[in-house]
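Here is the structure we will look at, set down as C-alpha cells.
The values are calculated or read from the model by the stated rules, or taken from the named source; none is laboratory data. None of the values given here were measured: they were computed from a predicted structure. Cβ: placed from backbone, ideal geometry, glycine included. Neighbour counts: every protein chain shown.
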Amino acid sequence: MNKLKIGYEELKQMYLDFFKGHGHAVINSASLIPENDPTVLFTTAGMQPLVPYLLGAKHPAGDKLTDVQKCIRTGDIAEVGDRSHLTFFEMLGNWSLGSYFKKESISMSYEFLTQVFKIDPKNLAATIFIGEDGVPKDMETYETWKSLGFTDDQLFFYGKSENWWGPAGLTGPCGPDTEIFIIDQSKPKCSDECGPACNCGRYTEIWNNVFMEYNKNPDGTFSKLTQKNVDTGMGLERLFCTINGISDVYTTELFWGVIEHLEKVSGKKYEDDIITFRRIADHVRAATFILGDENGIAPSNTEQGYVLRRLIRSTIRNLKKIDITDFILPTLAEIVINQYKASYVELEKRRDFILNELQKEELLFNRTISVGLREINKVIEKLQKGDVIDSTTAFKLYDTYGFPLEFTEEIALEHGLKVDSKGFDALFAEHQEKSRKGAEKKFKGGLADSSEETTKLHTTTHILHKVLRDLLGDHVAQKGSNITAERLRFDFSFERKVTPEELAIVEERVNEVISRDLPVSMEEMSFEEAQKAGAIGLFANKYDIEKVKVYSIGDFSMEVCGGPHVEHTAEIGKFKILKEESSSAGVRRIKASVG
Ligand code: SER
C-alpha cells in the first residue's frame with residue numbers, strides 16, 4: 001500500500017478543526033436517506049439536509065457550520081470501475097447561512113489549502129462564473145482570487161455548464177460557484193485552450209464553493225433567496241488521493257481490506273481484473289452504508305430499495321466473474337463495518353440487519369441464477385461446439401433469470417459456443433419499446449377520454465394522491481385509477497379503513513389546494529431525473545423507459561403521468577368524497593366527484 005503524507009482520519013480532523021477555528025459549529029452527518037426532502041432518493045451533497053436553513057430557517061447550531069456528510073450518487077454507477085468514480089463517498093463541507101459570503105469563503109479555502117496543506121499557490125487554479133441568463137459575471141470572485149495573488153492564467157471563466165451548482169433536485173437553492181483545481185505541472189497544456197474544463201488530466205477539481213443566493217422555482221424561474229449563503233463541498237476520497245499523490249483510490253486503506261479478501265478467496269490478483277475488483281469493492285461499501293444507515297432500508301423493487309438491490313446483484317455477478325461462488329457478501333460487509341464503525345456508529349448498531357439482509361438477498365438471487373443455469377445447460381446440451389445460442393434463449397435468460405448478456409456470453413464461451421448478440425439487442429430494444437408504451441398507458445391513470453370533466457378529475461386525482469400521502473404516510477401508493485365523466489376512483493395501498501375524521505381532512509385539504517388556484521405545468525425528463533426530483537407515481541418497471549412527463553401542481557405535487565390536466569386548479573370546482581371502501585387486501589378505494 002501507499003505511503004501517506006496525511007492519513008484519512010487525520011485529514012478529516014484537520015478540515016473540521018480548521019473551520020471550527022474559524023467560528024464554524026461541527027455538526028453530524030445526516031442520514032443517507034433524506035428525511036424531509038422528497039426531491040431526491042439519496043443524500044447526494046452535504047447541502048441537502050441543510051436546505052431549510054439555506055432557505056432562511058434558523059439552524060440550532062448557528063449560521064456557520066461544517067461537517068463530513070455521507071453521500072450516494074447513483075448517476076455515476078455506470079462509470080464505477082474507473083480509478084475514481086464512487087457510488088458512496090464522504091463530502092467535507094462548510095456553510096455560511098446568511099453570514100459570510102464570497103470574499104471570506106474563498107480566503108478560508110485558500111488559507112486551508114496553502115497554509116494547512118502547504119500546497120504551493122502556483123499549483124492551484126480556479127474557475128469563475130462568466131455570467132449568463134441574467135446573472136452577471138462574478139467579478140467579486142475574480143477580484144478576490146486576484147487579491148490573493150492568483151494570476152490571470154490561473155483563472156478561467158465558464159458559463160452555467162461548468163460554474164453553476166444546483167438545485168440538488170428540480171427546485172431549491174442554487175447559484176454560481178468557483179471551483180478550485182490542483183494543477184499537475186508534469187502534464188503540459190494539451191492545447192492553447194487547455195483549462196480545467198478540458199479533462200486532459202492537468203487539472204483535478206478538489207473543492208466547489210457555491211454562492212447560493214438563488215432559488216429555482218417549480219415553474220423554472222429563479223428568484224433571490226432572502227439570505228446570501230455559501231455551500232462548499234470537497235470529496236474526501238479524492239482529496240485524500242490528491243494530497244497523497246495516489247492515482248487509484250482502490251489501492252488505499254479505504255478499499256484494500258475488501259480487495260485483499262477477494263484476492264485470497266478467488267486466488268486472483270487485483271491486477272488480473274481491476275474493473276471487477278473495483279466494482280465489487282465500491283458496491284459492497286455503498287450497500288453496507290445504505291443498509292446500515294440510521295434510516296436504512298432493505299432491498300426491494302422500489303425507490304432506494306431497488307437501487308440497493310441493483311448494487312447487491314451487480315456485486316454477486318461480479319463475484320462470479322472472479323470465480324467466487326461462495327456466499328461471502330456478509331464477510332465483505334463486515335470488513336466495511338469494522339473499518340468505518342468508529343466514524344459511523346450506526347453501522348455497528350445495525351450490523352445484524354446488514355448481514356442478514358445481504359445473506360437473504362444473496363440466497364434469493366443465487367436461487368434465481370441457478371434456475372437460469374439449469375435452463376442454459378439444457379440448451380447447451382443440445383448444441384455442438386461452434387454453434388450459436390439463439391437470441392430468444394439469451395433474452396429469456398435476461399428477462400426471466402436476470403442474466404445480463406455478458407454473463408450468458410461467458411458461459412457460452414466456456415463451452416465453445418457463441419451468442420446471437422445482435423438478435424438479443426433487437427429483442428431488448430423491442431422489449432423496451434413495449435414497456436415504454438405500456439408505462440405511458442399506465443401513466444394515463446385509466447383516463448379513457450380527455451373531456452373537460454375527466455381532465456378536471458384527473459388533476460384532482462393527483463391532488464388526492466398527494467394529500468393522502470401527506471396525511472397517512474409515504475407508504476400510501478397508487479394501485480389503480482379509473483375516471484369517468486361523473487367520478488374518479490382511486491385505489492391506494494393502505495392497511496386499514498380511512499376514518500370519517502381523516503376523510504373530512506382529506507376533503508378539506510384537497511379543496512384548499514384547488515382554491516389556491518395553483519398552476520399546472522409539465523416537464524419531460526429521464527426516469528432518473530424524475531426520481532431524483534421526488535416525483536410520485538413511479539412504477540416498478542420504471543427503468544425501461546427513457547423519457548417521462550412530470551406534471552407539477554404549483555409547488556404542491558409532482559407526479560409522473562401522461563396528462564392531460566387543467567391549467568389552474570381553481571378550474572376544478574368543489575371536491576367531494578362519495579365513498580371509501582376496501583378494494584382488495586391492503587388496498588383501499590376512494591370514489592369522489594368535482595363540480
Ligand atoms: N453542493 C456542492 C457540490 O455538491 C458544493 O457542496 O459540489
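Looking only at segment 237-261, count every residue that is touching a strand residue (DSSP E or B) at 6+ places or on another chain (Cβ under 6 Å) and under 17 Å from Ile322 (Cα atoms) and tell me the total. Spell out the reasoning first.
In the first step, residues of segment 237-261 are kept if they are touching a strand residue (DSSP E or B) at 6+ places or on another chain (Cβ under 6 Å); the result is 237, 239, 242.
Right, trim to under 17 Å from Ile322 (Cα atoms) and you get none.
Residues that pass the stated criteria total 0.
Name every residue in segment 17-27 that is surrounded by fewer than 17 Cβ atoms within 10 Å (Cβ to Cβ) and over 15 Å from Asp231 (Cα atoms), in order of residue number. I'd like the intermediate steps shown before the answer.
Initial filter on segment 17-27 (surrounded by fewer than 17 Cβ atoms within 10 Å (Cβ to Cβ)): 17, 20-23, 25-26.
The answer is Asp17, Lys20, Gly21, His22, Gly23.
Residues of segment 183-212 being within 16 Å of the ligand (Cβ to nearest atom) and in contact with a Ser or Thr (Cβ under 8 Å, 6 or more places away or on another chain), which ones?
Passing the criteria: Pro196, Ala197, Thr204, Ile206, Trp207, Asn208, Asn209, Val210, Phe211.
Identify the single condition in (1) farther than 16 Å from Phe89 by Cβ; (2) in contact (Cβ under 8 Å) with a residue 60 or more places away in the chain; (3) away from the ligand (no atom under 14 Å from the Cβ) that Leu32 does not satisfy, given that it satisfies every other one.
Result: Leu32 passes all but (1).
Only one of Ile246, Ile275 is more than 16 Å from the ligand (Cβ to nearest atom), of a type in the set (A, V, I, L, M) and touching a Gly at 6+ places or on another chain (Cβ under 7 Å); which? Break it down stepwise before answering.
On the way: Ile246 fails: touching a Gly at 6+ places or on another chain (Cβ under 7 Å).
Unique residue meeting the criteria: Ile275.
Does any residue of segment 213-234 turn out to be away from the ligand (no atom under 16 Å from the Cβ), under 27 Å from the mean Cα position of the chain (by Cα) and surrounded by 20 or more Cβ atoms within 10 Å (Cβ to Cβ)? Walk me through how you get there before you give the answer.
Keep residues of segment 213-234 that are away from the ligand (no atom under 16 Å from the Cβ), which gives 217-224, 226-227.
In the following step, the residues that additionally are under 27 Å from the mean Cα position of the chain (by Cα) were identified as 217-224.
From what's left, surrounded by 20 or more Cβ atoms within 10 Å (Cβ to Cβ): none.
Within segment 213-234, none of the residues are away from the ligand (no atom under 16 Å from the Cβ), under 27 Å from the mean Cα position of the chain (by Cα) and surrounded by 20 or more Cβ atoms within 10 Å (Cβ to Cβ).
All but one of (1) in contact with a strand residue (DSSP E or B) (Cβ under 8 Å, 6 or more places away or on another chain); (2) more than 17 Å from Ile354 (Cβ to Cβ); (3) in a loop (DSSP other than H, G, I, E, B) hold for Lys268; state the number of the condition that does not hold.
(1)
How about segment 328-351: which of its residues are assigned to a loop (DSSP other than H, G, I, E, B) and under 21 Å from Ile274 (Cα atoms)? Walk me through how you get there before you give the answer.
Pass one, segment 328-351, residues assigned to a loop (DSSP other than H, G, I, E, B): 328, 341-344, 350.
Passing the criteria: only Ile328.
So that you can scan it fast, the table gives a plain yes or no per residue for (1) among the basic types (Lys, Arg); (2) surrounded by 14 or more Cβ atoms within 10 Å (Cβ to Cβ):
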| position | (1), (2) |
| --- | --- |
| Asn338 | no, no |
| Lys341 | yes, yes |
| Arg350 | yes, yes |
| Lys385 | yes, no |
| Ile389 | no, yes |
| Thr393 | no, yes |
| Glu414 | no, no |
| Leu417 | no, yes |
| Asp420 | no, yes |
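Mind listing whichever residues of segment 256-276 are of a type outside the set (Phe, Trp, Tyr) and closer than 17 Å to Asp82 by Cβ? Even if it seems obvious, please write down each step before you answer.
Let us first name the residues in segment 256-276 that are of a type outside the set (Phe, Trp, Tyr), namely 257-269, 271-276.
Result: Ile259, Glu271, Asp273, Ile274, Ile275, Thr276.
Restricting attention to segment 131-147, and to residues there that are of a type outside the set (D, E, K, R) and buried (at least 18 other Cβ atoms within 10 Å of the Cβ), which single residue is farthest from the ligand (Cβ to nearest atom)?
Residues of segment 131-147 that are of a type outside the set (D, E, K, R), as a first pass: 131, 134-136, 139, 141-142, 144-145, 147.
Those left that are additionally buried (at least 18 other Cβ atoms within 10 Å of the Cβ): 141-142, 144-145.
Numbers: Thr141: 15, Tyr142: 20, Thr144: 18, Trp145: 18 Å.
Filtering segment 131-147 for residues that are of a type outside the set (D, E, K, R) and buried (at least 18 other Cβ atoms within 10 Å of the Cβ), the one farthest from the ligand (Cβ to nearest atom) comes out as Tyr142.
All but one of (1) touching a residue at least 40 places away in the same chain (Cβ under 8 Å); (2) over 22 Å from Phe255 (Cα atoms); (3) within 14 Å of the ligand (Cβ to nearest atom) hold for Ile72; which doesn't?
Among (1) touching a residue at least 40 places away in the same chain (Cβ under 8 Å); (2) over 22 Å from Phe255 (Cα atoms); (3) within 14 Å of the ligand (Cβ to nearest atom), the lone unmet condition for Ile72 is (2).
How many residues are outside any helix (DSSP H, G or I) and of a type outside the set (A, V, I, L, M) if we restrict to segment 500-519?
Within segment 500-519, the first condition is being outside any helix (DSSP H, G or I), and the residues that meet it are 516-519.
Filter again for of a type outside the set (A, V, I, L, M), leaving 516-517, 519.
Within segment 500-519, residues that are outside any helix (DSSP H, G or I) and of a type outside the set (A, V, I, L, M) number 3.
With respect to Ile246, determine if the residue is among the aliphatic types (A, V, I, L, M), surrounded by fewer than 17 Cβ atoms within 10 Å (Cβ to Cβ) and in contact (Cβ under 8 Å) with a residue 40 or more places away in the chain. Spell out the reasoning first.
Details: among the aliphatic types (A, V, I, L, M): yes; surrounded by fewer than 17 Cβ atoms within 10 Å (Cβ to Cβ): no; in contact (Cβ under 8 Å) with a residue 40 or more places away in the chain: yes.
So Ile246 does not fit the description; no.
Return yes when Arg367 is among the basic types (Lys, Arg) and in contact (Cβ under 8 Å) with a residue 40 or more places away in the chain and no when it is not. Before you say what the answer is, go through the steps one by one.
Values: among the basic types (Lys, Arg): yes; in contact (Cβ under 8 Å) with a residue 40 or more places away in the chain: no.
When the stated conditions are applied, Arg367 does not pass them.
Could you tell me whether segment 292-304 includes any residue that is part of a helix (DSSP H, G or I) and aliphatic (A, V, I, L, M)? Can you show your working first?
First, pick out the residues of segment 292-304 that are part of a helix (DSSP H, G or I): 303-304.
From the residues that got through so far, the ones that are aliphatic (A, V, I, L, M) too are none.
No, because not a single residue in segment 292-304 is part of a helix (DSSP H, G or I) and aliphatic (A, V, I, L, M).
For Phe157, all conditions in the list (1) over 26 Å from Leu16 (Cβ atoms); (2) within 16 Å of the ligand (Cβ to nearest atom); (3) of a type in the set (A, V, I, L, M, F, W, C) hold save one; what is the number of the exception?
(2)
Given Glu162, Glu179, which one is closer than 24 Å to Tyr15 by Cα and within 16 Å of the ligand (Cβ to nearest atom)? Reasoning before the result, please.
On the way: Glu162 fails: closer than 24 Å to Tyr15 by Cα.
Among Glu162, Glu179, only Glu179 is closer than 24 Å to Tyr15 by Cα and within 16 Å of the ligand (Cβ to nearest atom).
Take the residues in segment 38-51 that are modelled with pLDDT of 90 or more and more than 18 Å from Met234 (Cβ to Cβ); name whichever of them is farthest from the ligand (Cβ to nearest atom). Reasoning before the result, please.
Quick first cut of segment 38-51, residues modelled with pLDDT of 90 or more only: 42-51.
Imposing the further condition that a residue be more than 18 Å from Met234 (Cβ to Cβ) reduces the set to 42, 51.
Values: Phe42: 13, Val51: 11 Å.
Going through the qualifying residues, I end up with Phe42.
On the basis of being within 16 Å of the ligand (Cβ to nearest atom) and either in a helix (DSSP H, G or I) or farther than 26 Å from Thr141 by Cα (or both), does Leu254 make the cut?
Values: within 16 Å of the ligand (Cβ to nearest atom): no; either in a helix (DSSP H, G or I) or farther than 26 Å from Thr141 by Cα (or both): yes.
So Leu254 fails the test.
Testing Lys269 on (1) within 16 Å of the ligand (Cβ to nearest atom); (2) surrounded by fewer than 19 Cβ atoms within 10 Å (Cβ to Cβ), one condition comes back false. Which one is that?
Here Lys269 clears every test but (1).
Within segment 75-125, can you find the residues that are within 28 Å of the chain's Cα centre (by Cα) and more than 16 Å from the ligand (Cβ to nearest atom)? Spell out how you get there, then give the answer.
Our first condition is that a residue be within 28 Å of the chain's Cα centre (by Cα); within segment 75-125, this holds for 75-98, 105, 109.
If the condition is that a residue be within 28 Å of the chain's Cα centre (by Cα) and more than 16 Å from the ligand (Cβ to nearest atom), then Ile77, Ala78, Glu79, Val80, Gly81, Asp82, Arg83, Gly98 are the ones that fit.
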